[in-house]
Structures are given as C-alpha cells and as structure tokens.
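Below: one structure, written as structure tokens.
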Amino acid sequence: MYLVGFPLLLIPLAIYNIIAFLFSTGFGDTLFTIRMMSQADLNVSTGDLLVILSILLLFIEILKATRFGVKAIMDHILSFVVFVAALAEFIIVKQAATPTFLLVLVICLVDVIGGFSVSIRTAQRDLALGSVDANS
C-alpha cells in the first residue's frame, strides 16, 4: 500500500498553509452555496471544506492504524510528529491562530490518540487470541 508511512493529515495542514500564506481568501469566505430542500441556503466556506477533508483523511488514518508491525509504528510516530509540528505552528505562527486551524489540530490529536488506542486494542486482542490458541 502506497499510503504506508505517509501521514495523510499533512495534506490539510499543507493546504491550510498554502491558503494562509499565498492566497488572499480567508477561511470564512464562502466558496459556494447549496440550496437545501427547506429553502435554506448552506454557505460552504474554505475552512469548512478543509475540516471535511481532514475528517475524511482521519478515517483513513484510523483504518491504517489497525495494521500491526513496524510500518504501523512508523505511521504512529509520523502522526505524532505532524501533531507536534502543527501544535508548534498554532502557538507560534500568527496566520495559524484561526478556528479552522484549531479544528485541524484537534483532528491531528484524535489521529494520534486514536491510532495508538486502536493499535493497543488490536495487540491485546491478538495476544488474547494467541493465548487461547496455545491453551487449546
């Protein structure tokens, strides 16, 4: 699998930085409007799309966390590095002090915690199954 060893949440962070430093659009600017059946208008902003992308990539990262072995450990380490770098950027860089970046940062934290939790639970299950097989 080509996604092994690449922290996918680096993608929304890179997109955020590209938008924040290179383009004049803000994260609250409406990109498009969806007319709902209730006749209400749903305004979708740049920040909304970035958070949606982050959540979808988080799902893939959690699926990747169910693997076991050296590659999974490397994925966890890289996810942690991405989180620490994003946290440092959030604290230090003025352009990162936005609600959108905060949400992406929290998604990175959930990736780290969720990835380790899933791996620990998977390892516990595998060890329990191994001891049941050994007793049989």
Checklist line | Given (1) of a type in the set (A, V, I, L, M); (2) modelled with pLDDT of 95 or more; (3) within 18 Å of I55 (Cα to Cα), index of the condition I113 fails | finding: (2)
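Mind telling me which of the residues V104, V112, V118 ends up being touching a His at 6+ places or on another chain (Cβ under 8 Å), closer than 22 Å to I62 by Cβ, surrounded by 12 or more Cβ atoms within 10 Å (Cβ to Cβ) and not charged (D, E, K, R)? Steps first, please.
On the way: V104 fails: touching a His at 6+ places or on another chain (Cβ under 8 Å); V118 fails: touching a His at 6+ places or on another chain (Cβ under 8 Å).
So the residue among V104, V112, V118 that is touching a His at 6+ places or on another chain (Cβ under 8 Å), closer than 22 Å to I62 by Cβ, surrounded by 12 or more Cβ atoms within 10 Å (Cβ to Cβ) and not charged (D, E, K, R) is V112.
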Margin query: Every residue in the stretch 37-88 that is free of Cβ contacts under 8 Å to residues at least 24 places away in the same chain and surrounded by 17 or more Cβ atoms within 10 Å (Cβ to Cβ), please.
Written below: S45, D48
Notebook entry, point to check: Scanning the stretch 52-106 for residues that are modelled with pLDDT of 90 or more and polar (S, T, N, Q), which turns out farthest from R121 (Cα to Cα)?
Noted result: Q95
Margin query: I'm trying to understand the selection: among the residues of the stretch 2-27, which are outside any helix (DSSP H, G or I) and touching a residue at least 24 places away in the same chain (Cβ under 8 Å)?
Written below: L3, V4, G5, F6, P7, L8, L9, F27
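One line per residue, one yes/no per condition, for (1) within 19 Å of A96 (Cα to Cα); (2) over 12 Å from the mean Cα position of the chain (by Cα):
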{"position": "P7", "(1), (2)": "no, no"}
{"position": "L13", "(1), (2)": "yes, no"}
{"position": "S24", "(1), (2)": "yes, yes"}
{"position": "G28", "(1), (2)": "yes, yes"}
{"position": "L42", "(1), (2)": "no, yes"}
{"position": "L50", "(1), (2)": "yes, no"}
{"position": "L53", "(1), (2)": "yes, no"}
{"position": "L58", "(1), (2)": "no, no"}
{"position": "D75", "(1), (2)": "no, yes"}
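The values are calculated or read from the model by the stated rules, or taken from the named source; none is laboratory data. Keep in mind it's a predicted model, so treat the numbers as computed, not measured. As a convention, Cβ positions derive from the backbone with ideal geometry for all residues, glycine included, and neighbour counts pool all protein chains shown.
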